Amino acid sequence: MRSNRPRFVFLVTVATAVSLLTLDFRGFGPMRSVQSGLRVVTEPVADGVYWVFSPVRNAWNGVWDHGDLAEENASLRQRIAELEENPAIERRASEQLEILQGQLGLEAAATTERVIARVVSGPVSNLESTIRIDRGSNHGIRRNMTVVTEQGLIGRVAEVTPTRSVIELVDSSRFGVTVRLAEEPASPTFVLVGQGRGRPLRVQGEVPVGTFVNGAALVTSGIEASLYPPDLPVGAVVGVTETPPPVGVVAAQTVDGVEVALFADLASLSYVTVLLWEPEP
Amino acid sequence: MTPGWGRALLRAVVVIVSAVLLQVTLMADLGLLGVRPELLLLVVGATALVAGPAKGCVIGFWAGLAYDLFLQTPFGMVALVYTVVGYLAGQTRQVVVDHHGSVRAGLVAGTTVVGVVLHAGVALLLDETAISAWEIIRFAVVAGFVNGALARPAVRVVGWAVRDEERGVPR
């Protein structure tokens with residue numbers, strides 16, 4: 001006769017896991033404290049293991065990334081050739097650069113205190129879009145602070161321990177930021193959401209036809225209660241899909257598929273800047 | 001409780017903690033074709049193969065819970081997934097008669113594929129990721145291939161960890 005023990009053990013462990021999951025969804029305080037306490041305890045050990053295996057990691061990446069670098073190099077050369085052949089694109093790119101350089105000097109981004117941090121590792125899971133940095137609450141970093149590079153917004157602080165922070169990148173599906181058109185300070189605001197690692201961001205909801213054109217630059221709106229300071233460069237529109245018009249209507253009235261490519265290159269982050277900026281309560 | 005259960009528990013803890021630390025440190029930057037190896041699924045698959053469904057789901061639970069500590073997804077999500085994976089893999093082991101090297105490798109690879117797909121499916125269901133079906137397949141195949149290749153040493157390590165003191169290394 002087959003024993004019922006495995007089934008019993010299975011049901012007990014599943015019930016325990018489901019209970020923990022439920023408590024987490026309900027934001028059960030003590031469990032969060034235990035979780036962050038354990039993270040703080042394991043951090044030095046994880047750092048030690050990371051340091052010990054650095055040579056292995058470097059050797060491995062040297063072997064496997066060589067092809068990627070060659071591919072990236074070829075793709076950049078092709079892009080430069082395309083830009084040189086097309087003066088209109090080049091002009092547009094120059095205009096955008098000027099706008100963004102202007103934006104970079106503006107208000108909060110320029111005056112806010114900042115901490116420069118080194119990226120110590122990428123995401124620990126294939127499903128995440130995060131990085132880990134070597135600065136934490138000891139350096140003034142708090143949860144939800146904005147993280148940028150010189151190219152623009154890259155994410156927000158999702159988790160902080162005294163010496164480390166986890167940054168959730170903007171292409172994460174859990175990420176949303178309110179933006180506006182860089183060229184029109186009085187333009188309406190839109191919510192930009194991530195669609196997963198390596199994919200362009202998407203403007204949420206439908207917007208009237210003509211609001212966005214390809215190449216239009218977007219910056220953080222800085223609306224009240226926004227987690228992000230105003231005027232940080234985010235990305236440029238790279239694709240606009242019109243909503244099929246209702247029956248009997250000839251032209252589309254709205255667009256529902258506005259895709260935005262980030263200015264920052266999330267695939268090659270070495271150093272990032274955390275803005276010690278928090279929205280006014 | 002059997003004599004020496006404390007030592008068996010300690011060995012299991014050593015294996016799980018080592019696997020988690022390697023996963024969140026070394027594996028975080030060690031991609032193969034852009035996919036991070038799934039070391040914990042290797043441990044869960046090997047345990048289920050060596051010790052059956054009961055130990056498979058218990059090790060799956062604790063390995064998943066330890067992994068959850070380092071992830072941004074809801075606490076307990078991976079523990080739930082790995083518990084199910086450990087149990088299913090253990091049940092499969094009971095119906096497979098041939099336990100030769102290639103069959104073991106195939107079972108561990110299959111467990112990894114199921115684990116990756118299940119993990120991604122639950123994450124999609126809870127709106128914790130926006131991964132495409134194509135990416136899930138890619139992650140599952142590459143991780144399954146890597147874990148299949150590592151099955152032999154993993155089975156030996158896990159066999160040492162979960163053996164019963166009085167019976168020796170389980171086959």
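The values are calculated or read from the model by the stated rules, or taken from the named source; none is laboratory data. Values in this document were obtained by computation on a predicted structure and should not be read as measured data. Every residue, glycine among them, receives a Cβ derived from its backbone with ideal geometry; neighbour counts consider all protein chains shown.
Looking across B:THR47, B:THR25, one residue alone is on the phi < 0 side of the Ramachandran plot, surrounded by 20 or more Cβ atoms within 10 Å (Cβ to Cβ), among the hydroxyl-bearing types (Ser, Thr, Tyr) and within 7 Å of another protein chain (Cβ to nearest Cβ). It is B:THR25.
Residue pairs whose Cβ atoms lie under 6 Å apart, separated by 6 or more positions or on different chains, with the first residue in the range B:101-128 and within 14 Å of chain A (Cβ to nearest Cβ) and the second buried (at least 18 other Cβ atoms within 10 Å of the Cβ) and outside any helix (DSSP H, G or I), are B:THR112/B:GLU38; B:ALA120/B:ILE131; B:ALA123/A:LEU127; B:ALA123/B:THR129; B:GLU128/B:THR73. Among the residues in the range A:176-184, are any within 13 Å of another protein chain (Cβ to nearest Cβ), under 30 Å from B:VAL141 (Cα atoms) and outside any loop (DSSP other than H, G, I, E, B)? No: zero hits. Quick one: in the range B:107-129, of everything that is surrounded by fewer than 22 Cβ atoms within 10 Å (Cβ to Cβ) and either part of a loop (DSSP other than H, G, I, E, B) or touching a strand residue (DSSP E or B) at 6+ places or on another chain (Cβ under 6 Å) (or both), which residue is modelled with the highest pLDDT? Once the filter is applied, the top-ranked residue is B:LEU126. Kindly indicate the residue of the range A:182-200 that is closer than 17 Å to A:GLY155 by Cα and touching a residue at least 24 places away in the same chain (Cβ under 8 Å) and also surrounded by the fewest Cβ atoms within 10 Å (Cβ to Cβ) among those meeting that condition. Filtering first and then ranking leaves A:GLY198. B:THR83 satisfies every condition listed in (1) free of Cβ contacts under 8 Å to residues at least 12 places away in the same chain; (2) within 17 Å of the chain's Cα centre (by Cα) except (1).
Scanning the range A:43-62 for residues that are more than 7 Å from every other protein chain (Cβ to nearest Cβ) and closer than 20 Å to A:ASP134 by Cβ yields A:GLU43, A:PRO44, A:ASP47, A:GLY48, A:TRP51, A:VAL52, A:SER54, A:PRO55, A:ASN58. The single condition among (1) hydrophobic (A, V, I, L, M, F, W, C); (2) under 15 Å from B:ALA154 (Cα atoms); (3) modelled with pLDDT under 90 that B:LEU41 does not satisfy is (3).
Within the range A:13-26, restricting attention to residues that are out of contact with any Cys (no Cβ under 9 Å at 6 or more places or on another chain) and under 19 Å from B:ALA54 (Cβ atoms), which residue is farthest from the other protein chains (Cβ to nearest Cβ)? Here the answer is A:ALA15. Looking across the range A:26-44, the residues that are under 26 Å from B:VAL85 (Cβ atoms) and hydrophobic (A, V, I, L, M, F, W, C) come down to A:PHE28, A:MET31, A:VAL34, A:LEU38. Scan the range A:129-181 residue by residue and report those that are within 23 Å of A:LEU201 (Cα to Cα) and among the hydroxyl-bearing types (Ser, Thr, Tyr). Those that are within 23 Å of A:LEU201 (Cα to Cα) and among the hydroxyl-bearing types (Ser, Thr, Tyr): A:SER129, A:THR130, A:THR146, A:THR149, A:SER172, A:SER173, A:THR178. Scanning the range A:157-175 for residues that are within 14 Å of A:GLY194 (Cα to Cα) and not in a strand (DSSP E or B) yields A:VAL170, A:ASP171, A:SER172, A:SER173, A:ARG174, A:PHE175.
Considering the range A:123-156, and only residues there that are part of a loop (DSSP other than H, G, I, E, B) and surrounded by fewer than 18 Cβ atoms within 10 Å (Cβ to Cβ), the residue that is farthest from the chain's Cα centre (by Cα) turns out to be A:GLY140. Among the residues of the range B:140-155, is there at least one that is over 22 Å from B:VAL35 (Cα atoms) and surrounded by fewer than 20 Cβ atoms within 10 Å (Cβ to Cβ)? No: zero hits. For the range A:201-222, the tally of residues that are surrounded by 13 or more Cβ atoms within 10 Å (Cβ to Cβ) and in a loop (DSSP other than H, G, I, E, B) stands at 9.
Filtered by the rule that a residue be among the polar types (S, T, N, Q) and part of a helix (DSSP H, G or I), the range B:60-97 gives B:THR83, B:GLN91, B:THR92, B:GLN94.
Listed here are the residues, each with its yes/no results for (1) under 22 Å from B:TYR82 (Cβ atoms); (2) more than 29 Å from the chain's Cα centre (by Cα).
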{"site": "A:PRO6", "(1), (2)": "yes, yes"}
{"site": "A:THR16", "(1), (2)": "yes, yes"}
{"site": "A:LEU20", "(1), (2)": "yes, no"}
{"site": "A:ASP24", "(1), (2)": "yes, no"}
{"site": "A:TYR50", "(1), (2)": "no, no"}
{"site": "A:SER54", "(1), (2)": "no, no"}
{"site": "A:ARG57", "(1), (2)": "no, no"}
